[in-house]
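To start, the structure under review is shown below, and the notes come after it.
The values are calculated or read from the model by the stated rules, or taken from the named source; none is laboratory data. All values derive from a computational prediction rather than experimental measurement. Here the Cβ positions follow ideal geometry from the backbone for every residue, glycine too, while neighbour counts run over all protein chains shown.
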Amino acid sequence: MSTLPQRPLRIAAAWTLAMAIAGLILAVLWAILAAAGDGAGNSRVDIAHLVRMTTIQAGLTTGLSLGVGMALAWALNRLRFPGRDLIVGLFAAAIVTPGMVVAFGLLSIWGRNGWINEASRALFGFSLGNPAFGLSGILLAHVILDGAFAARILLARLDAVPSSRLKVGQSLGLSAWKRIQLIDWPAMRGSLPGLGAIIFLLAFTSFPIVLLLGGGPANQTLEVAIYSAVRQDFDLVGAVRLAATQIAVCSLVILLASAMPPVPTALGRSAQPRWQDGPGARGLQWLVLVIASIGFALPLVSVLIDGLGTGLLRVLGQAAFWWAALTSLGIGASSALLTLILALALSLGRAALAGRLGRTVLGAPTFAYLAVPAVVLSLGFFLLVRLLGFAPGQAAPIVVIIANALLALPFAVATLGPPLDAVARTRGKLIRSLGLSGSQQFWRVEFPLLGKDIGLMLALAFCFSLGDLGVIALFGTQDFQTLPLMMFRALGAYRSNDAAAIAALLLVATIIAFVGLPRLFERLAHAAR
Amino acid sequence: MIKSTSMALAVLFGLSAAPILAQDVPTLTIYTYDGFASEWGPGAKLSEGFEAVCGGCKVNWIAADSSIGTLRRVQLEGDTTEADLIVGLDTAIAGEARATGLFADHGLDLSGLDLPGEWTDAQFVPFDYSHFAFVYDADTVANPPRSFEELIALPEDFKIVVQDPRSATPGLGLVLWIKAAYGDRAAEIWAGLKPHILTVTRDWSDSYSLFLDGEADMALSYTTSPAYHRIDEGDDSIHAALFEEGHYAQIEVAGILRSSDQQELAQKFLAWFASAEGQKIIPTTNWMFPVVDLDGDLDPAFATLPQPEKTLTLSDEDILANSAAWIDEMLAAVQ
């Protein structure tokens with residue numbers, strides 16, 4: 001018999017939400033098919049080839065990102081040094097930085113005239129060429145984005161290992177390797193399937209990076225084919241067919257990942273007792289950190305250096321910039337809040353369920369936004385808004401908030417899901433025997449334990465919408481623009497210095513959110529106790 | 001928690017209420033692409049100029065992410081579109097736009113325009129033009145190629161960046177350019193270019209940034225692009241390479257939508273836009289040539305730009321019937 005407390009309300013709320021999200025996706029596809037009329041879709045692309053190429057690329061990205069993420073989380077968990085919070089913030093910022101910004105940062109390090117090539121020319125007299133293009137370029141950019149994100153999530157899991165366990169481990173004199181096996185791996189294991197699925201989906205549906213760094217049509221994703229079906233051919237039936245293919249492949253990955261049983265993780269506050277690994281392990285940790293910093297942080301630092309130069313004052317002097325910044329903040333805050341509500345409802349309901357099938361089904365809608373191509377989703381939203389009789393201009397803020405919340409949802413659930421599962425499994429019996437109600441369970445047990453994770457999740461969701469360019473592109477107007485849209489427009493008007501300045505400011509805001517919000521919520525959660 | 005919710009709601013209502021104001025004056029709603037409506041583009045100055053002469057009207061720009069995006073948007077919206085006008089299609093997609101049946105005749109006399117070739121279009125009014133060209137930095141490229149064949153013959157580490165013809169109008173322009181210059185040999189030219197293509201980007205701006213960052217030796221852009229660097233940055237090093245086979249021109253056009261209830265005001269706007277008054281805004285905001293002779297009002301830097309002797313053209317019907325096949329030919333050759 002299950003030791004889980006009975007929480008019918010939580011389960012009902014989660015089911016309702018899951019059904020609502022699934023319904024929204026169906027409505028979106030239906031709206032596009034309805035707009036397509038009876039046009040015969042003759043797709044001009046080789047779907048099998050696209051699926052094969054995209055799967056190879058996404059598979060490589062996932063494997064590399066998880067490996068790199070685990071190594072980096074391990075190093076960051078052990079090392080203490082000045083500026084560590086900033087480095088952690090930078091790594092966390094990678095995932096939500098617009099793809100274009102990261103790609104250009106990457107090029108300024110690895111490109112033909114990048115720092116690495118310049119150093120190589122100065123030191124050895126030859127240039128390394130252009131490693132940043134083609135499949136290697138795509139993988140490099142994806143691993144920077146996704147590996148850093150994986151590291152941040154896994155670091156949170158390692159930081160949450162209770163100090164009592166560490167003390168026991170230390171008193172037993174565990175070697176660095178034994179500690180990984182006995183303490184770190186079990187703590188990280190529960191997050192890996194969900195994380196892996198997210199990274200696979202991100203890489204599978206990647207668009208601007210694949211186009212910019214891929215080198216040409218040889219390296220393409222289904223997403224690009226869908227974009228061209230909608231944009232160039234106006235072949236909406238073909239686009240929906242391609243989208244259905246993409247949704248089918250992605251759903252398979254999602255179902256596999258959500259069927260994985262999460263491993264119970266003991267939770268505790270992240271007061272860090274210092275764990276001294278041996279000198280060999282510490283050397284390795286520093287090596288990992290230095291390599292990762294060159295790989296991850298330097299491209300972002302170069303974005304900051306480029307952007308905080310000439311264009312900055314000109315940008316700050318524009319009323320349009322401040323209005324766009326205010327809009328971005330409003331949209332970001334609203335969608336982060338919506339994401340929190342959705343993610344909590346879904347995760348709490350899922351954690352309260354004992355049956356495996358129900359848990360799998362409840363896990364799936366979380367990934368809606370990653371499975372459905374962004375161009376299809378934004379087009380569908382646009383059509384739905386029109387069908388409901390609103391002008392896109394009036395509905396724009398609400399649609400952008402909802403779409404951004406869906407965009408952040410998989411990340412939010414990956415952050416909150418495993419710890420909530422762990423609470424239900426490890427403390428379910430206690431909660432039952434104390435006879436706590438659902439709200440008491442939340443405020444007395446779950447919220448205090450989740451403080452830091454909620455802060456991290458809010459930071460993620462806030463920054464996702466701060467960096468979004470996919471949804472706003474179709475809904476933006478002269479009076480309703482966000483900072484990324486303004487950046488994109490500056491690039492389109494030769495103003496690359498202004499664009500660089502906006503990119504740098506976005507990055508700074510992201511880092512502040514990532515360093516500040518988890519701390520704030522840890523404090524709030526502490527107070528709630 | 002409650003505090004931040006009400007704050008979020010306040011922000012929401014504040015934002016959504018903004019566009020509802022000012023409905024009593026006749027309003028011209030114009031769809032255009034992002035760059036055109038941006039702080040740096042011509043949009044704001046054009047509204048200011050026209051609102052001063054129209055006798056109490058308002059111009060409202062709605063920007064889509066690309067010029068083809070504006071057309072798709074009105075196609076989706078059909079008769080219910082808010083748009084009175086589209087500003088920013090080009091001659092390569094004019095045939096397709098015409099075929100939608102969404103556009104009304106402009107009824108203007110455009111015989112006095114200064115364009116490469118005569119303008120006889122009944123629905124679309126040209127508002128600027130430039131020839132597509134590869135731009136290079138004279139500080140790093142001493143001997144730019146003078147034809148596609150010279151470019152192909154260069155060592156493979158001479159790299160160019162181009163745009164995807166499925167998402168960017170210059171990318172489509174290059175497909176048409178090569179087709180107009182080489183006809184049946186186009187696939188061969190693309191195959192020859194393949195080793196030189198560093199990457200194919202979605203937007204013009206991505207390509208141009210790669211070029212400015214020194215990742216590529218040349219980027220597909222316009223003969224007028226150097227004017228921006230000369231005028232706004234005082235930088236003389238960016239030039240357009242002139243090709244012996246001739247250049248394809250992009251002529252940007254505007255058209256009135258049949259569904260608009262502001263036909264007269266829209267015509268007035270287009271007439272003003274195509275006059276010297278409206279045109280003098282274009283060169284230093286959209287960085288293209290005006291379609292009328294501005295004499296002293298055109299920045300002298302534009303006069304120093306070398307221009308191709310030969311303009312290549314293809315007919316609307318030809319493009320409408322074949323562009324999909326030509327794009328496939330290009331994709332197959334560079335894949």
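Do you know which of the residues in the range A:104-130 that are among the aliphatic types (A, V, I, L, M) and assigned to a helix (DSSP H, G or I) is farthest from the other protein chains (Cβ to nearest Cβ)? It comes out as A:L123. In the range A:220-236, of all residues being among the aliphatic types (A, V, I, L, M) and more than 18 Å from B:T199 (Cβ to Cβ), the one that is farthest from the other protein chains (Cβ to nearest Cβ) corresponds to A:L222.
Residue check: is B:W190 in contact with a Pro (Cβ under 6 Å, 6 or more places away or on another chain) and within 13 Å of chain A (Cβ to nearest Cβ)? Spelling it out, it is not the case that B:W190 is in contact with a Pro (Cβ under 6 Å, 6 or more places away or on another chain) and within 13 Å of chain A (Cβ to nearest Cβ).
Inspection of the range A:131-139 identifies at least one residue that is in a helix (DSSP H, G or I), in contact (Cβ under 8 Å) with a residue 24 or more places away in the chain and away from chain B (no Cβ under 14 Å). Conditions first: (1) closer than 29 Å to B:L331 by Cβ; (2) within 14 Å of chain A (Cβ to nearest Cβ); (3) in a loop (DSSP other than H, G, I, E, B). B:D139 passes all but one, so which condition is the exception? With (1) closer than 29 Å to B:L331 by Cβ; (2) within 14 Å of chain A (Cβ to nearest Cβ); (3) in a loop (DSSP other than H, G, I, E, B) applied to B:D139, the lone miss is (1).
The set of residues from the range A:418-449 being free of Cβ contacts under 8 Å to residues at least 12 places away in the same chain and among the aliphatic types (A, V, I, L, M) comprises A:L430, A:L434.
The residues in the range A:484-503 that are modelled with pLDDT of 80 or more and surrounded by fewer than 24 Cβ atoms within 10 Å (Cβ to Cβ) can be counted, and the count is 1. Screening the range B:24-123 for helices (runs of 4 or more DSSP H) wholly inside it with 1 or more residues that are modelled with pLDDT of 90 or more and either surrounded by fewer than 21 Cβ atoms within 10 Å (Cβ to Cβ) or on the phi > 0 side of the Ramachandran plot (or both) returns the ranges B:43-53, B:91-99. Return yes or no: is A:A320 within 16 Å of A:P418 (Cα to Cα) and surrounded by fewer than 21 Cβ atoms within 10 Å (Cβ to Cβ)? No: the conditions fail for A:A320. Counting only helices (runs of 4 or more DSSP H) wholly contained in the range B:204-287, the ones carrying 2 or more residues that are within 14 Å of chain A (Cβ to nearest Cβ), out of contact with any Phe, Trp or Tyr (no Cβ under 8 Å at 6 or more places or on another chain) and crowded, with 24+ Cβ neighbours inside 10 Å occupy B:204-212.
Within the range A:390-420, the set of residues being under 15 Å from A:R10 (Cα atoms) and surrounded by fewer than 23 Cβ atoms within 10 Å (Cβ to Cβ) is empty. I'd like to check something: does the range A:398-415 contain any residue that is away from every other protein chain (no Cβ under 14 Å) and of a type in the set (F, W, Y)? Among the residues of the range A:398-415, at least one is away from every other protein chain (no Cβ under 14 Å) and of a type in the set (F, W, Y), which makes the answer yes.
Taking B:D164 as the residue in question, decide whether it is within 26 Å of B:I68 (Cα to Cα) and acidic (D, E). It is true that B:D164 is within 26 Å of B:I68 (Cα to Cα) and acidic (D, E). Of a type in the set (G, A, S) and surrounded by fewer than 17 Cβ atoms within 10 Å (Cβ to Cβ), is that true of A:G147? Against the criterion (of a type in the set (G, A, S) and surrounded by fewer than 17 Cβ atoms within 10 Å (Cβ to Cβ)), A:G147 does not qualify.
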